[in-house]
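The block underneath contains the structure these notes are about, expressed in structure tokens.
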Amino acid sequence: MSNRPATFLITAAGTGTAWGYALALAQQFPHVRLITADTNEQPWCTAAQLASTHVRWPLFQAGPAYLQQLQALVEAEGVTHYLPIIDPEIHFAAEHRHQINATVLAPHAGFTALALAKDRYADALAAWEIDSPRTLTVDAAAARLARGQRVFAKQPGSFGGRGTWEVAEPSMLCTLPAGAFLQEGLAGPEFTADCFPLGGGNVFVSVRERMETKSGVCTKARIAPHAGMEALAQALVRATGVETPFCFQAMADGDRLAVTDINPRLGAGTAMSAANGSDFHGAHLAQQLGDAQWQQRLQRHHARCAVTRQYFEMLSPL
């Protein structure tokens, strides 16, 4: 593998996070060959427009068949680095990294398991003195709704806003899908922290306060120092020993700050931090390519700033 020219495989290439990595590769590392894989064909996958080869394959499903499919692509295309994007695949890759003939860009399996077990955050995080929303019974949730307080329903293993929704009225409590659980909703505001472990328990953090969200996607954010979020980031890094970049969300309610979600990867919104000079995607790629100066990509143009997001159009002939 070490003698191969650098070739990156990005799966779930239709996601916003995949686009962030693909764009960073094209702009900063044009010598690196990119292979993309997604459930969509090439014209309908933006990151695929920057790839030398695109493969359409079925939705990820953990098991020997996926591992065989993945390994066949790695061998056929000479892949040196494999970057899974969706959380269940990241966990699968972390568990099977020794069976994959490429460098797997994923955290250790303990961290990915923690991130996916959203129904067990309260117990797991409490051990490290990290607060998280309390899990509710149906009766407790109904009582909160009667008082005008917020309640959320989630499914373990959910990611990217999928499998998480607000319970707007008591009748919704009777139609919860199997496996769903209930959590208290905090009043807000809501924050996301993009995190890059630097070694020795230290971490570079960019904190984004969600000012506007559309269809679960943050479209306006305030970037500013936040001692509480930065302390949570350092606590997560030191408690878990995670060495790869990740992000997490938290909500505030007065002086309370509770972690609501942990992602074992960067997010689509991490591009908002990059606009302020904190190039998490570029730093991660540079680190993996052996650039000793990779930390120089983690800067801040402004201590405080506003970032807005707009759509980007990519044309592809059919």
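How high is the relative contact order of the range 203-252? Use alpha-carbon pairs under 8 Å, at least six apart in sequence, and give a whole percent.
Relative contact order comes out at 29 percent.
Got a sec? What order do 243, 209 fall in by accessible area at 1.4 Å, biggest, i.e. largest, first?
If we order 243, 209 from most to least accessible, we get 243, 209.
Report the calculated FRET efficiency for residue 306 and residue 253 (r = Cβ-Cβ distance, R0 = 41 Å), to the nearest 0.05.
For R0 = 41 Å, the calculated efficiency reads 0.95.
Using +1 at the C-beta of Lys and Arg and -1 at the C-beta of Asp and Glu, which of 229, 277, 254 has the Cα lying farthest in the positive direction of the dipole of the range 198-284?
Of the candidates, 277 comes out farthest on the positive side.
Using alpha carbon coordinates only, what is the Rg to Rh ratio of the chain, with Rh defined as the Kirkwood radius?
0.97
For the chain, which DSSP H helices look membrane-span-like by this rule: Cα extent along the axis of 15 Å or more and mean Kyte-Doolittle of at least -1.0?
Taking the DSSP H segments of the chain (at least 15 Å long, mean hydropathy at least -1.0), we get 16-28, 64-77, 227-240.
Would you please put 49-57, 244-252 in order of how densely packed they are, using the mean number of other Cβ atoms within 10 angstrom per residue and starting with the highest?
Top to bottom by mean Cβ count within 10 Å: 244-252, 49-57.
Pop a pseudo-label 7 angstrom from the Cα along the beta-carbon direction at both residue 212 and residue 313 and give the gap in nm to one decimal.
2.0
Order of 165-172, 106-113 by packing, highest average Cβ count within 10 Å first?
Ranked from most to least packed, the peptides come out as 106-113, 165-172.
Relative to the Cα centre, what is the charge dipole magnitude of the range 134-278, using +1 at the beta carbon of each Lys and Arg, -1 at the beta carbon of each Asp and Glu, and rounding to the nearest 20 debye?
I would put it at about 140 debye.
Please give the contour-minus-distance gain from residue 295 to residue 146: 0.36 nm per residue of separation, less the Cα-Cα distance, rounded to one decimal in nm.
This chain segment gains 48.7 nm when fully extended.
Take every DSSP beta bridge whose two residues both sit in the chain, then give the antiparallel share in percent to the nearest 5.
That works out to approximately 75 percent antiparallel.
Comparing 226, 31, 91, which has the greatest mean-square fluctuation in the GNM of the chain with Cα pairs linked when under 10 Å apart?
Greatest mean-square fluctuation among the candidates belongs to 31.
Rank by packing, highest mean first: peptides 312-318, 18-24, 124-130, with packing defined as the count of other Cβ atoms within 10 Å averaged across residues.
Per-residue mean Cβ counts within 10 Å order the peptides as 18-24, 124-130, 312-318.
Given the rule -39500 (n - 2.57) for each run of at least 4 DSSP H residues, summed and divided by the residues of the chain, what is its mean residue ellipticity at 222 nm, to the nearest 500 deg cm²/dmol?
Value at 222 nm, helices only, nearest 500: -8000 deg cm²/dmol.
Taking the simple approach of a point 7 Å from Cα along Cα-to-Cβ for both residue 187 and residue 126, what is their distance in nm?
2.4
The values are calculated or read from the model by the stated rules, or taken from the named source; none is laboratory data. Worth saying up front: this structure is predicted, and the values here are computed from it rather than measured. In this analysis, Cβ positions are derived from the backbone assuming ideal geometry, glycine residues included, and neighbour counts consider all displayed protein chains. With ligands, DNA and RNA removed, areas are computed over all heavy atoms of the protein, side chains included. Shrake-Rupley method; radii C 1.70, N 1.55, O 1.52, S 1.80 Å.
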